[in-house]
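Have a look at the structure below before the remarks.
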Amino acid sequence: METPIPSRLKSARKAAGLTQQQLGMALGMEPNTASARMNQYEKGKHAPDFLTMKRIAKELDVPVAYFYCEEDDLATLIIQFNKLEKNKKVEFLEALNTLSESFVKDIKL
């Protein structure tokens, strides 16, 4: 099974409006190697370790879980949830819990 990291990384970087070199340099990489290193991550030739992924996630303002999520719909949910204000996250989770409980009741009938 292929890791979702390369495609998610490229997507998040582009959404942030950054080049590979800009992202690499923002992470502290040397200007002359930043683009090549980020390209290797995006092509799946090399995989960043978890701490590097956390730094990338912070720089791109996405949750680190997004990069590891195999399902596209769940990845979208993670991104959208991250955009919510804290009080809206609480409301969303309460609504989701209510909806989930409703589905479970319907299944038991």
On the full set of protein chains, 1.4 Å probe, figure out the accessible area of LEU84 and give it in Å² to the nearest 10.
60 Å²
If you line up the long axis of helix 50-60 against the longest principal axis of the chain, both from Cα atoms, how many degrees apart are they, to the nearest 10?
80 degrees
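Are there any GluC sites (Glu not before Pro) in the range 1-74 that are in a DSSP loop and have at most 15 other Cβ atoms within 10 Å? List them by number.
Within the range 1-74, the qualifying GluC sites (Glu not before Pro) (loop, at most 15 other Cβ atoms within 10 Å) are GLU2, GLU70, GLU71.
Between LEU96 and ALA15, what FRET efficiency follows from the Cβ-Cβ distance if R0 is 25 Å, with the result rounded to 0.05? Each step should come with its number before you reach the end.
Numbers: r = 24 Å, r/R0 = 0.97.
Given R0 = 25 Å and the Cβ-Cβ separation, E is 0.55.
At most 14 other Cβ atoms within 10 Å and a DSSP loop assignment: could you name the trypsin sites (Lys or Arg not before Pro) in the range 1-99 that fit?
Numbers: sites: ARG8, LYS10, ARG13, LYS14, ARG37, LYS43, LYS45, LYS54, ARG55, LYS58, LYS83, LYS86, LYS88, LYS89; in loops: LYS45.
Answer in residue order: LYS45.
For the chain, give the percent of accessible area contributed by carbon and sulfur heavy atoms, probe 1.4 Å, rounded to a whole number. Mind showing how you got there, number by number?
On the way: 4210 of 7730 Å².
Carbon plus sulfur share of accessible area: 55 percent.
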Within straight cross-link reach of LYS10, meaning Cα distance under 19 Å, which aspartates and glutamates are found once same-chain residues fewer than 8 apart are removed?
GLU2, GLU42, ASP49, GLU59, ASP61, GLU70, GLU71, ASP72, ASP73
Once ASP73, ASP49 are ranked on solvent-accessible area with the largest value leading and a 1.4 Å probe, the list reads ASP73, ASP49
LYS86-GLU70 pseudo-label distance in nm [points 7 Å out on the Cα-to-Cβ vector]
3.5 nm
With runs of 4+ DSSP H residues as the only contributors, calculate the mean residue ellipticity of the chain at 222 nm using -39,500 (n - 2.57) per run, divided by the residue total and rounded to the nearest 500.
-23000 deg cm²/dmol
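The values are calculated or read from the model by the stated rules, or taken from the named source; none is laboratory data. This one's a predicted model, so the numbers in the text were calculated from it and none came from an experiment. Neighbour counts run over all protein chains shown; Cβ positions are idealised from the backbone, glycine included. Keep in mind that these areas ignore ligands, DNA and RNA; they rest on the heavy atoms of the full protein, side chains included. Shrake-Rupley method; radii C 1.70, N 1.55, O 1.52, S 1.80 Å.
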